[in-house]
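Only one structure is covered here, and it is reproduced in the block below.
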Amino acid sequence: MPRPEKHVFVCTQNRPQGHPRGSCASSGCAEIMNEFMNEIQARNLFETIALTNTGCMGPCNMGPTVLVYPEGVMYGSLKKEDVKTIIEQHLIGGEPVADLMMPAEVW
Ligand code: FES
């Protein structure tokens with residue numbers, strides 16, 4: 001298996017309804033994970049982009065959260081349509097999407 005150029009971690013943490021921290025599951029992470037899978041498959045990017053679902057990464061009230069390495073860029077409050085932008089501009093184009101990044105005081 002070749003080492004991927006980018007590794008995308010999607011928080012898919014779930015918590016019981018009413019939990020004070022909330023969770024990325026309750027803010028729509030499943031749709032974000034599915035969209036990454038679909039886009040990576042449609043563009044045949046399996047050898048350059050790795051995709052992993054993960055547990056809580058901290059800022060639960062700003063989910064769904066996504067972390068991209070090797071840059072260590074964290075995105076938050078993502079919508080389905082943001083996935084295409086991240087793939088095209090950041091994962092392929094090499095330019096992180098400033099408008100979708102977590103605020104500096106968070107990450
Ligand atoms: S539950 Fe996703 S960052 Fe905490």
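Read-outs: derived from the displayed coordinates by stated rules, not from any lab. These figures come from a predicted structure and were not determined experimentally. All Cβ positions, even for glycine, are placed from backbone atoms using ideal geometry, and neighbour counts span all protein chains on display.
In the chain the longest region clear of trypsin sites (Lys or Arg not before Pro) that are loop-assigned by DSSP and have at most 16 other C-beta atoms within 10 Å covers 44-78.
Counting only residues at least eight positions apart within a chain, or on another chain, the aspartates and glutamates with an alpha carbon under 18 Å from that of LYS80 are GLU31, GLU35, GLU39, GLU88, ASP99.
Relative to the longest principal axis of the chain, what angle (0 to 90°, nearest 10) does the C-alpha long axis of helix 29-42 take? That works out to roughly 10 degrees. Taken along the Cα-to-beta-carbon direction at a fixed 7 Å, the label points for ARG21 and THR52 span 1.9 nm. Remark: the ASN38-ALA98 segment gains 19.3 nm on full extension, using 0.36 nm per residue and subtracting the alpha carbon distance.
Under 5 Å between amide hydrogens, built in the peptide plane, is the criterion, and for THR54 it picks out VAL10, CYS11, THR12 among residues at least 5 positions away or on other chains.
If you add up the charges near THR48, with Lys and Arg at +1 and Asp and Glu at -1, over every other residue whose beta carbon is less than 10 angstrom from its beta carbon, what do you get? Around THR48, the charge tally is +1. The radius of gyration of the Cα set in the chain, together with its Dmax, comes out at 13.3, 42 angstrom. Under 8 Å for C-alpha pairs, at least 6 residues apart: give me the relative contact order for the chain, rounded to a whole percent. Result for the chain is 31 percent.
Using just the helices of the chain, give the 222 nm mean residue ellipticity in deg cm²/dmol: DSSP H runs with n ≥ 4 each add -39,500 (n - 2.57), and the total is spread over all residues, rounded to 500.
Working: 2 runs with 20 residues, N = 107.
For the chain, the value works out to -5500 deg cm²/dmol.
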